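Here's the structure we're looking at; comments come further down.
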Amino acid sequence: MEILKNQKGSALILCHQIADPDCICSALALKEGLRQINPDLRINLGTAESLSSASRRILRRYEGSAEVNPSLESDLLIILDTSSFGLLSPLDEDIKKYKGRIIVIDHHVPNQLLAYADDGLVDPEATSTSEIVYKLLRDLGVKIEGLIPKYILAGILCDTRCLRFASSGAVKIVCQLLDKEGVDYDEAVALIVDSEDLGERMARLKAAQRMVIHRAGKYIITTSEVSSFAAASANALIALGADCSFVAGIENDEIRISARASKEFMTSTKIHLGRDVMAKIGDLLDGSGGGLRGAAGARGKKGDLSSALQKCVSIVKDLLKKTDRP
Ligand SMILES: [Mn+2]
């Protein structure tokens, strides 16, 4: 990654669709860090399609900006926090044609995107992209000061749900960050938590109202449908007591499914929702799917919502039978 110190011309740091705080914060931290060690490099920050409401709040708070669907014209393209082309739409085709150097920095299980990249800094064991960027900046000799520690902290807290799913490495980094001048835990939490959003609260409540409960031995799997905030709704069903939840909705004529699992379910079943379930559902929908062990998603245009959700449940039930952990 020494190239980051020596690269001439311009670089574009690109976030995935509905860029979440882990993605936007790792991008902001990387931009700040590169400014320190490579001041002549012109750095643009952009995102495919849109930003999450928490990410927009972070940009407002720290007076940053991210261009939606930016031009890819640059000498270096750094893609953060995604392993698949699907999440980079509508820029995916342009990325395939991109002539410059591509670097992927990510913590998801590697997928098609890495094969296209010239360099990858990918660690599926990391609980956030922000912690990978933190280590990278430290290794490059960047001073972790100013807004950088604030960005990294918010990014880690977002993807680990305030450290609930954090690796020991992430917790150590958070301790180091909290020792820095002006870094405040509560400030970071306030930036990433969307508790006030009326639309999201309605979606979570509707997901609970429309929920179907499936039993698989000692595990409870839930499915539901909402028109937006599927990921937040899937999380809400886990908070209500489900071990594993799938929430589907239709956006832009496309079926989108969010899958979530409780920590207990992840450790006792060893099921990886991204690799074992959502990748298959993505194929079934004639789209794409993937993600993390306990938080994953799939999207595509083929089939209908209820049969896709049924399929999610039957895949999990089959996996439970196979692993003989009813
Ligand atoms: Mn992430």
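Observations on the model:
- Filter pass, Val122 being out of contact with any Lys or Arg (no Cβ under 9 Å at 6 or more places or on another chain) and within 16 Å of the ligand (Cβ to nearest atom): yes
- Pairs are defined by a Cβ separation below 6 Å, a sequence spacing of at least 6 or placement on different chains, a first member in region 83-98 that is within 15 Å of Ala115 (Cα to Cα), and a second member that is among the aromatic types (Phe, Trp, Tyr) and buried (at least 16 other Cβ atoms within 10 Å of the Cβ); the pairs so defined are Asp92/Phe85.
- Residue list for region 41-61, filter: in contact with a His (Cβ under 9 Å, 6 or more places away or on another chain) and among the charged types (D, E, K, R): Glu49
- Here Leu292, Leu319, Leu285 are screened, and the one residue that is under 24 Å from the mean Cα position of the chain (by Cα) and over 21 Å from Pro124 (Cα atoms) is Leu285.
- Scanning region 125-160 for residues that are in contact (Cβ under 8 Å) with a residue 60 or more places away in the chain, of a type outside the set (S, T, N, Q) and within 10 Å of the ligand (Cβ to nearest atom) yields Ile132, Gly155, Ile156, Cys158, Asp159.
- Matching strands (runs of 3 or more DSSP E) fully within region 1-117 where at least 3 residues are touching a strand residue (DSSP E or B) at 6+ places or on another chain (Cβ under 9 Å) and away from the ligand (no atom under 16 Å from the Cβ): 10-15, 42-47, 101-106
- Screening Ala308, Ala239, Ala298, Ala231 for residues that are within 16 Å of the ligand (Cβ to nearest atom) and of a type outside the set (Lys, Arg) leaves exactly one candidate, Ala231.
- From the list Val226, Val316, Val247, the lone residue that is over 29 Å from Leu198 (Cα atoms) and not assigned by TED's automatic domain parsing to the domain that holds Ser128 is Val316.
- Residue selection: Leu113 satisfies the criterion of being over 13 Å from the mean Cα position of the chain (by Cα) and modelled with pLDDT under 95.
- Residue within region 261-280 that is among the aromatic types (Phe, Trp, Tyr) and in contact with an Asp or Glu (Cβ under 8 Å, 6 or more places away or on another chain) present: yes
The values are calculated or read from the model by the stated rules, or taken from the named source; none is laboratory data. Keep in mind the model is a prediction, meaning the values are calculated, not measured. Using ideal geometry, Cβ is built from the backbone for each residue, glycine included, and neighbour counts are taken over all protein chains shown.
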